[in-house]
1. For residues that are of a type outside the set (Gly, Ala, Ser) and modelled with pLDDT of 95 or more, scanning just region 115-130, find the one that is surrounded by the fewest Cβ atoms within 10 Å (Cβ to Cβ).
2. So, of the residues in region 173-203 that are basic (Lys, Arg) and touching a residue at least 40 places away in the same chain (Cβ under 8 Å), which turns out to be farthest from PRO133 (Cα to Cα)?
3. So, PRO159, is that one in the same structural domain as GLU135 (by TED's automatic domain parsing) and closer than 20 Å to GLN119 by Cα or not?
4. Are any residues in region 128-158 in contact with a Ser or Thr (Cβ under 7 Å, 6 or more places away or on another chain), within 16 Å of TYR169 (Cα to Cα) and of a type in the set (Val, Ile, Thr), and if so, which ones?
5. For the list (1) out of contact with any Phe, Trp or Tyr (no Cβ under 8 Å at 6 or more places or on another chain); (2) over 22 Å from SER180 (Cβ atoms), I need the number of the one condition that GLU271 fails.
6. Identify, from the list ALA254, ALA239, the residue that is in contact with a Leu (Cβ under 7 Å, 6 or more places away or on another chain) and not assigned by TED's automatic domain parsing to the domain that holds ASP150.
7. Within region 131-167, track down each residue that is crowded, with 16+ Cβ neighbours inside 10 Å and without any contact (Cβ under 8 Å) to a residue 12 or more places away in the chain.
8. Restricting attention to region 180-226, report how many residues are of a type in the set (Val, Ile, Thr) and exposed (fewer than 14 other Cβ atoms within 10 Å of the Cβ).
Amino acid sequence: MNHLENEKEQDWTKELRTSPFKKPYFTQDMKNDVLDRSSKSTRSAKTRKKSVFRATVAGLGTFAILGMLFIFLPNLLDSQKVQPENEPMTIPGNWTPHVEYLAKDGSPILQVFPGGEFQAGTPAGSWWNLYVPIETLTGESIHITAVHKDTGMQIEELPATTITSDMTYEDFTRVSSTFSLPLSGLWRFDVFIGKEKFGDVVIDVPDSRWEPSPVFRSGNYEMTGVTNRLGFINPGFIAGQPNKYMWHFWGSDADLTGELRITAVEQNSLEIIDVFKTKLHPSKLNGADAAIPTKMSLPTPGLWRLMVSIDGQLFGSVIVTVQ
């Protein structure tokens, strides 16, 4: 390229560097406006990026929380389930009612014969027949326990008792017990000879009639209870308010000596509450063989069964109305 051509190119280049307009078109105000928009656009882009980032993080967090709930929610719900009151317990063993226990060959070796209607709260008495040679039983100790299926409550139906020759008949041995159960429902009785279990029976004990006990007269007083068994001078019951009650009992000195315990159960309930406890001794009063003052209170209105036990054996019960 010669010198002339270089000069022309330089002139052409210089012309390109000049504005095509006769007066400035892109003013300073326009420059400032562009710069301002550019700054706002940058901030907006950053904000959008932050928003997208936050939304992403929030979404991941929500997904993680949902995942954790999916894993842990069933267990959490199970732990928060409300258990119904008086829910029956699960006690292992055979709970099919049966009044005899059979040997391997199908012959009975144990039978029970409850007396009367044997309702809950009332001593009924029972015979226990053991069909084994008396030679294997004489001098041994028999012990009977009972467990209530719905509550797991355990009582001693027959304390350890020595088997003697006067309990024998031609082909069996007979032992008696009070057969007094505080609650209705299924009861399993386990019979032990010495320390070895001999057999068991299961009995469905019916509930007593929930009617207030009758009033009878003894001496100069009217009493609520069972004539010639137990009763008390009854000023009435008001829920939650303690009051004084004079109890009276009929029986032998041996029957009326020991630890007296009064418990109570409300109608349609399986919860037994303690009401009163003391020592009882024979002491004739108002025509009864023993009497003792007590202070009792029942928590809620309704029908209640008061149960009297002496040395762990149910002596009898009285049904009262609580206002």
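The values are calculated or read from the model by the stated rules, or taken from the named source; none is laboratory data. It should be emphasised that the depicted structure is a prediction, and the values quoted were computed from it without experimental measurement. A quick note on method: Cβ atoms are made from the backbone with ideal geometry, for glycine too, and the neighbour counts reach across all protein chains shown.
1. So in region 115-130, the residues of a type outside the set (Gly, Ala, Ser) come out as 117-119, 122-123, 127-130.
Subsequent filtering for residues that are modelled with pLDDT of 95 or more retains 127-130.
On the way: TRP127: 15, TRP128: 25, ASN129: 17, LEU130: 25.
It comes out as TRP127.
2. Going residue by residue through region 173-203, those that are basic (Lys, Arg) are 174, 188, 195, 197.
Imposing the further condition that a residue be touching a residue at least 40 places away in the same chain (Cβ under 8 Å) reduces the set to 174, 188.
Details: ARG174: 12, ARG188: 25 Å.
For region 173-203, the residue satisfying everything is ARG188.
3. Values: in the same structural domain as GLU135 (by TED's automatic domain parsing): yes; closer than 20 Å to GLN119 by Cα: no.
When the stated conditions are applied, PRO159 does not pass them.
4. ILE134, THR138 - these are the residues of region 128-158 that are in contact with a Ser or Thr (Cβ under 7 Å, 6 or more places away or on another chain), within 16 Å of TYR169 (Cα to Cα) and of a type in the set (Val, Ile, Thr).
5. The single condition GLU271 does not satisfy is (2).
6. Details: ALA254 fails: in contact with a Leu (Cβ under 7 Å, 6 or more places away or on another chain).
Every option except ALA239 fails the conditions.
7. MET167 - this is the single residue of region 131-167 that is crowded, with 16+ Cβ neighbours inside 10 Å and without any contact (Cβ under 8 Å) to a residue 12 or more places away in the chain.
8. Our first condition is that a residue be of a type in the set (Val, Ile, Thr); within region 180-226, this holds for 191, 193, 201-203, 205, 215, 224, 226.
Next, from what is left, pick out any that are exposed (fewer than 14 other Cβ atoms within 10 Å of the Cβ): 215.
Within region 180-226, residues that are of a type in the set (Val, Ile, Thr) and exposed (fewer than 14 other Cβ atoms within 10 Å of the Cβ) number 1.
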